[in-house]
1. Between the range B:344-392 and the range A:376-443, how many Å separate their Cα centres?
2. So the label point sits 7 Å from Cα along the Cα-to-Cβ vector; using that for residue A:339, what distances do you get to the other copies, in nanometres, sorted shortest first?
3. Could you work out how far the C-alpha centroid of the range A:121-197 sits from that of the range B:134-177, in angstrom?
4. I'd like the Karplus ³J(HN,Hα) series for the range B:464-480: coefficients 6.51, -1.76, 1.60, θ = phi - 60°, whole numbers in Hz, and an x wherever there's a Gly or Pro.
5. Let me know the shape class of the range B:165-237, please: from the alpha-carbon gyration tensor, a ≥ b ≥ c as square roots of the eigenvalues, rounded when a/c is under 1.5, otherwise prolate if a/b is greater than b/c, or oblate.
6. What value, in deg cm²/dmol to 500, does the helix sum -39500 (n - 2.57) over DSSP H runs of n ≥ 4 give at 222 nm once divided by the residues of chain A?
7. Hey, got a sec? Which trypsin sites (Lys or Arg not before Pro) in the range B:46-85 land in a DSSP loop and have at most 16 other Cβ atoms within 10 Å?
8. Nearest 10 degrees, 0 to 90: what angle lies between the long axis of helix A:443-463 and the longest principal axis of chain A (Cα atoms)?
2 protein chains.
Amino acid sequence: MAMPGIEYRSVSCDIWKEVADIVGEENLSKDLIQLASYSRDIWTRKTIEMQMGNLPAPPQLVVWPQTVDQVQRLVRFAAGKNIPIIPLGAASGVCGGTIALKGGITIDLKKMNRIRNLDRKSMLAEIEAGAVGEVLERELNHQGYTLGHFPSSIYCSSFGGWVATRGAGQLSSRYGKIEDMVSSVEVVLPNGELLRTRAVPRSSTGPSLNHIFIGSEGTLGIITAATVRLWDFPKAREFQGFMFPDLHQGLDAIRLMMQSELKPAVIRLYDPVDTYFSSKGTLEEKPKPKKLGLSGNRGLVRFARKVLPYIYSPGLPNRFLQSQAKASKMILIFEGEPEIVAMEHRQAKEICSRSGGIDLGEWPARNWWKHRYRVSYTMSKVFDLGFFVDTIEVATVWDNLENLYYSMQAAISKHALVMAHFSHAYPQGCSIYFSIAASGRSLEDRLATYDSLWKDALDACMQAGGSLSHHHGIGILKAKWMETEEGGANPLLKALKRAVDPHGIMNPGKMGI
Amino acid sequence: MAMPGIEYRSVSCDIWKEVADIVGEENLSKDLIQLASYSRDIWTRKTIEMQMGNLPAPPQLVVWPQTVDQVQRLVRFAAGKNIPIIPLGAASGVCGGTIALKGGITIDLKKMNRIRNLDRKSMLAEIEAGAVGEVLERELNHQGYTLGHFPSSIYCSSFGGWVATRGAGQLSSRYGKIEDMVSSVEVVLPNGELLRTRAVPRSSTGPSLNHIFIGSEGTLGIITAATVRLWDFPKAREFQGFMFPDLHQGLDAIRLMMQSELKPAVIRLYDPVDTYFSSKGTLEEKPKPKKLGLSGNRGLVRFARKVLPYIYSPGLPNRFLQSQAKASKMILIFEGEPEIVAMEHRQAKEICSRSGGIDLGEWPARNWWKHRYRVSYTMSKVFDLGFFVDTIEVATVWDNLENLYYSMQAAISKHALVMAHFSHAYPQGCSIYFSIAASGRSLEDRLATYDSLWKDALDACMQAGGSLSHHHGIGILKAKWMETEEGGANPLLKALKRAVDPHGIMNPGKMGI
């Protein structure tokens, strides 16, 4: 069967048979529709290309192993024949990390989704890579725990994907990023050998092997499981909103809260443009659900609809919005032990008030909480309307944060309407999450705009000393900036890659290595 | 000049001259006395060997570079001639990590000791590797900050050494280990190239390069500087002692405190033998400075003197002590913001009381605090008395902690008198710090006992699923167990080593790579 827009390289009968011997015939597929659905993640560039009728070349086989031993045998088989391997969890990445650039076998880990071990005394769980986020979290909740990792993609992303991309959840200010949670990893190396680091709280036994594989995006091996810390399911949760006269004061408040050792589960400051759309530029906010709710739920769609008339030349509307909008809205959520939650909430209110914030009560934070996962399900509508949307998440230290924000805002403003929020805060710095909407008179125009936009945005980021990515990873999209980001270390990563994977079979073409 | 017990390989005039051209004649030495003083760290085995009249072969040159450029030129020069390089901070290691196993050039970084940059807004400082601990901490204190890193060696260890060995300070339960503090590193690679990672709070730009170099013990490059987080100098400090009827209840109390998200700066539980020596086995304790103070200060010397008659066959006295001693003493110190300190102190007292602890007031903790660095200065007296002493620090998760403790205690008890304390606690587990004292009728006997003791202790650790080292590192001493610890990954570390340092010039023979 042929499919328009797909270049399909079929797999030989021999290979099909040998792989079927490993996983069983019900656990592999060379069906073209199946393969096509594995040809991309949700990288915006590929969505535009798909609208143009082009899909990336798919893998030649998709397999669903059920055991580590099967994964090892698959890797040994592929290594012996120099067949590329693409490990895949739920393909919710936004940087092209699971695209089969050189064909090969996509190993979908979703059938390896057990909680292998739950150590209540040490509050650790060993979890297989293919567990889907929300299912995993609910299972842990039933046991009285939370993992504390809540990406907006939680319904459509996998535990292994979180580890492989150094992901972050919406509550990271309290629970940390995934790298703060992992205490051991299990990896099938490119030669088929199994590596299992010891689950220990800390050690000084050389370089951290966990940290070599966390964020490796399948280029150094297949993460089949990891042991992560658990938290007691929170006994209390409190909500708080604040409006600041300007962005600077809002950022100061975040910094002071984090440096006072408060651990708000959620701390999000919307920049003036984002705040303007959700709050009409006033310093107060009341529950008006029909008018509000832009931030973090269906915001992108509404934002895009509103700006459709202006989007072909975004410079002017950006300048207008950026000059009109001043106030910045913050939402805070505290959770955990009731006494600590109450103390932190009170201290946070004091800091925000001293920094010029106006108390909005709990409603804005409650509203965000209710709709917090909605954004991941609204993308296709926007593309149907003739736009594209994307997000760019970077990070830097406090002393450089406004510089990075304004540099990148200026770079992006030439190409797209842009708003941002600040979340994932730390005592030393913060991430910036730009949401962008752009269009073009033709699909070709859109693609050109897309490429220029990302180039200018990430050039500006590198120039301003930021980090390319806070939690989405690198994939194909950001690979060419890795050399700059790593400050002389990309040759080292390449050497590591060559040493571990001399034939380059593991997820080739990703991360620039 | 010849020196007994030292095998000395002199350096050629050419090499001396070329190195002098790089660093200046006042910044290098081939004086034999100087070289001899650089031939060892404070690894106990080498102290015994020194008593036997043998020193390890020294390096052929010691140099004191003052700039990163000089370090790069030194490395390029050495790489061109395949001369080994041994980076050295203050040589206070206890595992042989700075011994010039193959001769070569020791690069002492003590003249690179500046705080290059102090970013008050981001609470980050970029510090050069050669800064000596106590001097650095006092400089930061003058600026209103603390680094929070207080190893007992703080007067004689260097910032770079802490990073190179993944060190921990006595207050790690609050401030973390050094790897929790580092946000960027500057490393001269084995080819002389400079690597500088970006100082960002978190990122998802591939594997963590910081974590490849933290703990690398000079085998992958020379760490010349790192950027670390700072903390406000604590405004309040509170002290607390508790006595528990047995070890198990004391450990339960630590676990519950850490899992309740308390962050005591110090949390130390002495095992019954240690408690017996310092508290005479009673459940109460009053200030008796002449009788007490064993724990953490001059304890080893007194312990050693008392047990001299029994030490040649330690099995019996160990059994006696282990059967007689039951109670376990805990000290707690809280510091930071007054309101948080008070709340944590109160919650900790509640947890300890519920776990069966008897409140000893603040005195035991205050006494420990006063003498907390003394242990590093009492070693030589013990050796003069005809003993040797050493410490073995391991770590594991809570569910395995008592198993690891009793397994290793049994293994060590055959060879040495042994006591332990539990410190460096985490929600997921804890370290165990064994203090041992042993002897032998001859120096040869002592050396044989030393080797058997470590072999049995670390075999037992590996068997019981612990980590070889919590914060002292690997060096030569623990290298042969790395393969087991790393769960299949030592070939990977070796491949990384070969890729980064193909000629093996960087601190050869350490960590088994």
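No value in this document is a laboratory result; all are computed from the given coordinates. What you see is a predicted model, and the numbers here were worked out from it, not measured in a lab. With ideal geometry, Cβ positions are generated from the backbone for all residues, glycine too; neighbour counts draw on all protein chains shown.
1. 52 Å
2. Shortest to longest, the spacings are 1.5 nm.
3. Cα centres, the range A:121-197 to the range B:134-177: 32 Å.
4. Result, ordered by residue: 8, x, x, 9, 3, 8, 8, 7, 8, x, 10, x, 8, 3, 10, 4, 6 Hz.
5. Working: a/c = 2.33, a/b = 1.80, b/c = 1.29.
Note, shape of the range B:165-237 comes out prolate.
6. Details: 20 runs with 191 residues, N = 513.
For chain A, the value works out to -10500 deg cm²/dmol.
7. Numbers: sites: B:46, B:73, B:76, B:81; in loops: B:81.
For trypsin sites (Lys or Arg not before Pro) across the range B:46-85 that sit outside H, G, I, E and B with at most 16 neighbouring Cβ atoms in 10 Å, the list reads B:81.
8. Long axis of A:443-463 versus the principal axis of chain A: about 70 degrees.
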